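Each remark here refers to the structure printed beneath this line.
The values are calculated or read from the model by the stated rules, or taken from the named source; none is laboratory data. These figures come from a predicted structure and were not determined experimentally. Neighbour counts are summed over all protein chains in view; Cβ atoms, including those assigned to glycine, are modelled from backbone coordinates with ideal geometry. In case anyone asks, the SASA skips ligands and DNA or RNA and just uses the protein heavy atoms, side chains included. Shrake-Rupley method; radii C 1.70, N 1.55, O 1.52, S 1.80 Å.
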Amino acid sequence: MTKPVLLLTRRFPDAVEARAQRDYITIPNPSDTPMDGATLATAAKDAGAQGILCAAGDPLGAATIAALPDSVKLLATFSVGTDHIDLAAARARGIAVSNTPDVLSVATAEIAFLLILAAARRGGESERMLRAGEWAGWAPTQLMGVTLEGKKLGILGMGRIGQALAKMARGFGMEIHYRNRKQLPPEEAAGAIYHADDAAFLGAIDVLSMHIPGGEATRNWLDARKIALLKRGAIVVNTGRGTTVDDVALCEALTKGHLRAAGLDVFAGEPKIHPGYLTTPNLVLLPHLGSATIETRDAMGFRCLDNLDAVLLRGAAPPHPVG
Ligand code: DGY
């Protein structure tokens with residue numbers, strides 16, 4: 001049987017590309033140049049691609065999907081998030097979509113916890129001070145942060161990543177609260193306190209960690225009104241999607257001191273960053289590193305290939321369908 005044609009929109013980990021090359025005629029992107037929608041659709045058309053191994057940030061909106069050739073059967077995204085894909089447009093064209101659940105939960109929770117620690121203990125400010133050659137030596141009141149032990153961690157979106165974070169935070173002696181579409185069964189909640197409304201949730205916690213998907217339904221979820229519901233001195237961390245935070249409101253709350261500190265791994269309009277973030281001192285910034293471990297990125301790629309194999313090699317349904 002002739003191997004199916006697979007378009008790779010980005011450069012993927014070596015082990016992933018090697019497996020893809022073994023089983024498909026691959027059209028790689030060795031320079032890793034991000035493609036705009038027209039370029040992506042043209043590449044798929046020129047190659048007669050049956051599958052597309054795509055990634056977070058690829059512009060797979062309605063116009064790109066409309067321009068894809070009829071040969072395309074599956075968009076396998078190297079991400080758990082699918083806000084870069086117009087799922088309705090894909091469905092309308094009969095193109096299946098798959099994602100990579102589970103395998104990135106621990107890595108993303110680690111980055112959320114890294115940001116919580118860095119924000120609480122002023123890691124970003126301290127590093128910047130040292131690099132600027134401004135450290136005058138140890139001082140009793142220098143760069144005092146807050147201890148996490150005994151603090152209340154509020155997890156917004158208690159899916160797999162949120163639950164992995166809760167497990168880590170318990171080890172630091174934090175009390176876990178959560179807000180979720182539905183209350184978890186006791187064995188999954190593991191003692192975490194459920195809040196049925198935003199106001200009670202936000203008012204109860206010391207640290208907010210956001211794990212909700214992007215898209216119109218969650219745009220600016222954390223706005224000035226909700227920030228005001230947080231206690232004075234609270235910490236905010238976001239490893240979900242940047243669009244869920246009102247950037248102007250967050251900068252203002254950090255500058256005026258309502259919030260103690262924040263940590264962000266995701267941004268609306270990545271790779272551009274709201275300019276206020278660059279000058280706000282009590283803020284730690286990371287370049288969307290949530291899933292960026294060698295183990296996780298390999299596992300994500302293999303999960304994409306499992307989905308592609310099901311559809312393109314066996315004519316079966318993808319094991320991780322979306323939409
Ligand atoms: C995802 O999987 O959605 C991440 O944001 C990219 O690793």
I'd like to check something: does the stretch 297-316 contain any residue that is assigned to a loop (DSSP other than H, G, I, E, B), in contact with a strand residue (DSSP E or B) (Cβ under 6 Å, 6 or more places away or on another chain) and among the hydrophobic types (A, V, I, L, M, F, W, C)?
no
Cross-chain or 6+ apart pairs with Cβ under 8 Å, the stretch 115-135 first and free of Cβ contacts under 8 Å to residues at least 24 places away in the same chain, then part of a helix (DSSP H, G or I)
135/129
Considering the stretch 256-279 alone, what residues qualify as being farther than 19 Å from residue 144 by Cβ and either touching a residue at least 12 places away in the same chain (Cβ under 8 Å) or touching a Phe, Trp or Tyr at 6+ places or on another chain (Cβ under 7 Å) (or both)?
264, 265, 266, 267, 268, 269, 270, 271, 273, 274, 276, 277
Tell me, yes or no, whether the stretch 280-302 has at least one residue that is on the phi > 0 side of the Ramachandran plot, of a type outside the set (Asp, Glu), more than 12 Å from the ligand (Cβ to nearest atom) and in contact (Cβ under 8 Å) with a residue 12 or more places away in the chain.
no
What tally of residues in the stretch 238-253 results from selecting those that are closer than 19 Å to residue 153 by Cβ and more than 16 Å from the ligand (Cβ to nearest atom)?
2
Looking at 136, 120, 90, which one is farther than 18 Å from residue 291 by Cβ and touching a Ser or Thr at 6+ places or on another chain (Cβ under 8 Å)?
120
If residue 90 satisfies all but one of (1) touching a strand residue (DSSP E or B) at 6+ places or on another chain (Cβ under 6 Å); (2) not in a helix (DSSP H, G or I), what's the number of the condition it fails?
(2)
Residue among 323, 263, 276, 240 that is open to solvent by less than 60 Å² (accessible area, probe 1.4 Å), outside the structural domain of residue 52 (by TED's automatic domain parsing) and part of a loop (DSSP other than H, G, I, E, B):
240
Applying the selection to the stretch 115-156, what residues are touching a strand residue (DSSP E or B) at 6+ places or on another chain (Cβ under 8 Å), closer than 30 Å to residue 191 by Cβ and outside any loop (DSSP other than H, G, I, E, B)?
115, 116, 118, 119, 120, 123, 152, 153, 154, 155, 156
Considering 118, 67, 89, which residue is among the small types (Gly, Ala, Ser) and buried (at least 20 other Cβ atoms within 10 Å of the Cβ)?
118
Could you check residue 309 against (1) open to solvent by 30 Å² or more (accessible area, probe 1.4 Å); (2) away from the ligand (no atom under 16 Å from the Cβ); (3) among the acidic types (Asp, Glu) and say which number it fails?
(1)
How many of the residues in the stretch 243-252 are hydrophobic (A, V, I, L, M, F, W, C) and buried (at least 22 other Cβ atoms within 10 Å of the Cβ)?
2
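To keep it simple, each residue is scored yes or no on (1) without any contact (Cβ under 8 Å) to a residue 24 or more places away in the chain; (2) under 22 Å from residue 222 (Cα atoms); (3) part of a helix (DSSP H, G or I).
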site: 158; (1), (2), (3): no, yes, no
site: 161; (1), (2), (3): no, yes, yes
site: 165; (1), (2), (3): no, yes, yes
site: 170; (1), (2), (3): yes, no, yes
site: 182; (1), (2), (3): yes, yes, no
site: 191; (1), (2), (3): yes, no, no
Inspect the stretch 42-58 for any residue being small (Gly, Ala, Ser), open to solvent by 10 Å² or more (accessible area, probe 1.4 Å) and touching a residue at least 60 places away in the same chain (Cβ under 8 Å) and give the result as yes or no.
yes
Does the stretch 77-86 contain any residue that is closer than 23 Å to residue 11 by Cβ and away from the ligand (no atom under 16 Å from the Cβ)?
no
From (1) in contact with a helix residue (DSSP H, G or I) (Cβ under 9 Å, 6 or more places away or on another chain); (2) surrounded by fewer than 22 Cβ atoms within 10 Å (Cβ to Cβ), pick out the condition that doesn't hold for residue 72.
(2)
Which of the residues spanning the stretch 254-272 are in contact with a strand residue (DSSP E or B) (Cβ under 7 Å, 6 or more places away or on another chain) and away from the ligand (no atom under 15 Å from the Cβ)?
254, 259, 260, 261, 262, 263
Hey, can you tell me all the residues within the stretch 93-107 that are more than 10 Å from the ligand (Cβ to nearest atom), open to solvent by less than 20 Å² (accessible area, probe 1.4 Å) and in a loop (DSSP other than H, G, I, E, B)?
95
